[in-house]
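Heads up, the thing below is written out as structure tokens.
The values are calculated or read from the model by the stated rules, or taken from the named source; none is laboratory data. Treat the numbers as computed from the prediction; the structure is a model and nothing was measured. Virtual Cβ from ideal backbone geometry, glycine too; neighbours counted across all protein chains shown.
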Amino acid sequence: MKGHDEYKEILSLAALDAADGAELRDLEAHLDSCAECRAELRELRGAGAALALAAPPVAPSPELRTRLLASLKSTPQESARRLSAEEGASRATRPPGRAPANVVSLEDARRDPRRAFVSRRAFNLTAVAASLLVVSLAVVSAVLWRRNAALNSAVASLSGALERARGELGQTRSELAVARREREILISPEMHTSQLAGTKMAESARARLVYDERTGEAMFTAAKLPPAPAGKAYQLWFIADGKPLPGSAFNTDAEGRAEMRDRIPPEGLRAQVFAVTLEPAGGLPAPSGEIYLKGAS
Amino acid sequence: MTARPERDTSDAELLRAVARGDEAALAALYDRYASILLGLVLRILHSRGEAEDVLQEVFLQVWRRAADFDEGRGRPFTWLVTLARSRAIDRLRALDSRGRAALASQREPTEEVSDASADAFRSEQGEIVRAALSQLSEEQRTTLLLAYHEGLTQTEIAERLKQPLGTVKTRTRAGLMKMRELLAGKFEGADALF
């Protein structure tokens, strides 16, 4: 329900019969209980009616007057139904379609000819109920639509968060698996460590291979290797009885450090020598380049 | 009740006489207001034939329902004007758009009334109202006249002027309040508008 002040603007429009349906019905309900607004509407109607005087008067044809006065004889007058006792009382007490002649002007002003045969009161109740229903549905729809939109965006944002969490979880799992393997290597009773030293190709380079002699799981760390040229990579070799078995290829960081996990093949576990060569990126099945690191098992 | 009501008989007295079946009283009301009401209705309908039809309906309605007129609810003039506008607007809306376009195209120049008998006094009032209107802002005046003389609703006015509905409401209220203030005390006694 609107505040008293909000009816003031509608009052002015109603006084000019320019208010729209829903606001007009709102106002009518308010007028039933507000003497101040009723009085103001009466005054504003008067001010509005004065506008009629601004239009240039036009004299009707004389025949019209004759015709009108002649038709009075055949036009029955309706007897007074002044509701003195109910004056100012609720509209609901008024018989349908009857009211002081100059009271219903709000409705008269926007009377739709098609509604002429429908009880105005019944129509009003139906219209009020219908408009309440429409307004309620509109409000509910608006609320649901907004809630739906909010939920959709919440779901989208949660989906994104879930995807990110999944990714992080996967990363954490694989890191954990690596750490677990490293730990297993380090605590294994069959842990073996080999030191590799730089050759003339990289005299200050150093490396260490730690591996589980039972599983072949290995950790390789290197330092002070010169960065591999573009298109090249270092590759680890397990040399058993003079035959090099390929390990993984790796690259260093900008400071010449490298760290990688590898698995020594079963025959590689018998290797007497470990070596690192410079090979085409991705590595080869057999060594082709210079040896950079070398150590005995 | 006098058989021939004089000008100083108030509108309300005339209506009471009409309610008692006094045909002369209705004729007196007609003579007082027919020109003003026809001018107004013609503004809305733009067709002399349609407008005269409406005018006749209005006075027949006054004849039938004068007994129901309640002076406590407003002045007789206000009632007459409201009836006339309502019927004119109903008629306008009942016409389909083609009929309306036809009416608009055959807009007749509205001749100023020349029948001077009762109208000198009324046109003097018209001067007062026109003077008051001229003191409104252009926007306020346009809004009021679109509502009153063209029978447009607030929404239609907003569309016509390409203004937000809120602006139309504000202008309507400001304009009408100003009219009320400017016209207060101008029409005294039997001719009081409000």
Report task. Confirm whether A:ALA29 is more than 10 Å from every other protein chain (Cβ to nearest Cβ) and of a type outside the set (Phe, Trp, Tyr). Result -> yes
Report task. Examine the range B:42-53 for a residue that is more than 9 Å from chain A (Cβ to nearest Cβ), surrounded by fewer than 20 Cβ atoms within 10 Å (Cβ to Cβ) and of a type in the set (S, T, N, Q), and state whether such a residue exists. Result -> no
Report summary line: Selection over the range B:129-157 where residues are crowded, with 17+ Cβ neighbours inside 10 Å, at the interface with chain A (Cβ under 10 Å from one of its Cβ atoms) and not charged (D, E, K, R) yields a count of 15
Query raised in the report: Considering A:ARG166, A:ARG121, which residue is surrounded by 10 or more Cβ atoms within 10 Å (Cβ to Cβ) and modelled with pLDDT under 60?
Result: A:ARG121
Report task. State which residue is surrounded by the most Cβ atoms within 10 Å (Cβ to Cβ) when the search covers only the range A:197-252 and only residues that are in a strand (DSSP E or B) and among the polar types (S, T, N, Q). Result -> A:GLN235
Report task. Determine which member of the set B:ALA17, B:ALA34 is more than 17 Å from the chain's Cα centre (by Cα) and either at pLDDT 85 or above or within 12 Å of chain A (Cβ to nearest Cβ) (or both). Result -> B:ALA17
Query raised in the report: Can you spot a residue in the range B:61-68 that is facing another protein chain (nearest Cβ under 8 Å) and either under 16 Å from A:ARG65 (Cβ atoms) or of a type in the set (Val, Ile, Thr) (or both)?
Result: yes
Report summary line: Within the range A:36-50, of all residues that are touching a residue at least 12 places away in the same chain (Cβ under 8 Å) and of a type in the set (A, V, I, L, M), the one farthest from B:LEU40 (Cα to Cα) is A:LEU41
Query raised in the report: Can you tell me how many residues in the range B:33-81 are farther than 17 Å from A:ALA52 by Cβ, touching a residue at least 40 places away in the same chain (Cβ under 8 Å) and not in a loop (DSSP other than H, G, I, E, B)?
Result: 6
